[in-house]
Amino acid sequence: MLFFIITTGMCNLNCKYCGGSFPEKYVPYRIKYELNRLRDFIEQDKDAVIAFYGGEPLLNYQFIKNVMDKVEAKKFVIQTNGLLYEKLSMDYWQKFDAVLLSIDGRREVTDYYRGMGVYNKVIKAALWLRKNDYRGDLIARMTASERTDIYKDVVHLLNLKIFDHIHWQLDVGWSDLWKNFDNWCEYNYKPGLRALVKLWIEDLKNESVLGIVPFLGIIKRLLYNGPKPPCGAGIESFTVLPNGKILACPIAYNVKWAIVGDLENNSPSNIKKVEIGGFCNNCKYFEICGGRCLYVNREGLWRDKIKKVCDVTIFTINLIKENIKYIKNFEKVIYPNFNNSTEIIP
């Protein structure tokens, strides 16, 4: 299983689409359980993947070090904004099988949504990891919103030659930033996806694989299926809050259905499972899309717009299906090889 370990609900940024820190009454800013309790829980799963999450996980870097020193896990992952990268020595960074750095593409887009100067700081962190021969999977994790040009922003990150993979999530579900979502989809996002797929296929024909996570992940699901939702939330991915409660999904911090256990009374084998429901189950794309997002599905968010999100998801899947004939060596495009916390479907 994948276990998100929230080290703190606090964040050192206040991004426009996120709002910064979690409310402390739901996601405490300090760890309130004993480390041995977490160790005893995690080590019951011989295939455990630990993903440090927040807030900003590096605000509690000492806890991260303690966990990596004392808890046995098959893989370690971190999702971070990268601003505090120097808090961990390279010895610890090398233990991460995947590092996801939050960056939204070009400087002007990243700085608009995340804060002035953030782009340069994230790139500095990425370059530092490369300079020090980081050997894991370095992933740029984008949030795509109305100022995003998906083609320009993804290609920008690819051209930096720093990141192994690029992943993005659409800012949909609870965001109120959009002025014209329909217009953005039709005249920006969909044409941008077509251009990205064309670029991706051209490289595949030359035996080169661009690390565009949604495309690679959809290929894997077309061939082998996968969990529903694609991130595995509620099925094979769970979240440990700083107070020891266990959630089905890391962003579902304030809803009762998402509380599936706690460190004191549960083991990985008896956590309550939470499944995708509703209209998703009757969709012919369900096996590939997987319902996209458990939280959005269960909470019924964006009720008047969710079909529009489904439309762009189907559009993306069909783009890959139409071009699958050009893939000669499927072994090169199977990604990820473990649940590294990339959600696959944007």
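The values are calculated or read from the model by the stated rules, or taken from the named source; none is laboratory data. Keep in mind it's a predicted model, so treat the numbers as computed, not measured. Positions of Cβ are generated from backbone atoms using ideal geometry, with glycine treated the same way; all protein chains shown enter the neighbour counts.
Structure summary
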{"read-out": "Considering residues of region 19-37 that are under 18 Å from the mean Cα position of the chain (by Cα) and touching a residue at least 24 places away in the same chain (Cβ under 8 Å) only, the residue farthest from residue 119 (Cα to Cα)", "value": "22"}
{"read-out": "Exclusive hit being of a type in the set (Ser, Thr, Tyr), surrounded by 15 or more Cβ atoms within 10 Å (Cβ to Cβ) and not in a loop (DSSP other than H, G, I, E, B), set 61, 17", "value": "61"}
{"read-out": "Residue pairs meeting the criteria (Cβ under 8 Å; at least 6 apart or on separate chains; first touching a residue at least 12 places away in the same chain (Cβ under 8 Å) and under 23 Å from residue 39 (Cα atoms), in region 242-259; second among the acidic types (Asp, Glu) and assigned to a strand (DSSP E or B))", "value": "244/262; 245/262; 246/262"}
{"read-out": "Residue within region 223-230 that is farther than 17 Å from residue 301 by Cα, surrounded by fewer than 17 Cβ atoms within 10 Å (Cβ to Cβ) and more than 19 Å from the chain's Cα centre (by Cα) present", "value": "yes"}
{"read-out": "Of the criteria (1) closer than 21 Å to residue 64 by Cβ; (2) part of a helix (DSSP H, G or I), which one residue 76 fails", "value": "(2)"}
{"read-out": "Of the criteria (1) at pLDDT below 95; (2) part of a helix (DSSP H, G or I); (3) surrounded by fewer than 19 Cβ atoms within 10 Å (Cβ to Cβ), which one residue 204 fails", "value": "(3)"}
{"read-out": "Some residue of region 67-79 being acidic (Asp, Glu) and free of Cβ contacts under 8 Å to residues at least 24 places away in the same chain", "value": "yes"}
{"read-out": "Exclusive hit being surrounded by fewer than 22 Cβ atoms within 10 Å (Cβ to Cβ), outside any loop (DSSP other than H, G, I, E, B) and of a type in the set (Ser, Thr, Tyr), set 151, 134, 113", "value": "151"}
{"read-out": "Hey, residue 236 at pLDDT 95 or above, surrounded by fewer than 20 Cβ atoms within 10 Å (Cβ to Cβ) and more than 30 Å from residue 157 (Cβ to Cβ) or not", "value": "no"}
{"read-out": "Residue match in region 30-49 (condition: polar (S, T, N, Q) and not in a helix (DSSP H, G or I))", "value": "yes"}
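Here's the yes/no breakdown for (1) at pLDDT 95 or above; (2) closer than 23 Å to residue 135 by Cβ; (3) under 15 Å from the mean Cα position of the chain (by Cα):
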position	(1), (2), (3)
39	yes, no, no
44	yes, no, no
48	yes, yes, no
53	yes, yes, yes
60	yes, no, no
65	yes, yes, no
79	yes, yes, yes
108	yes, no, no
113	yes, no, no
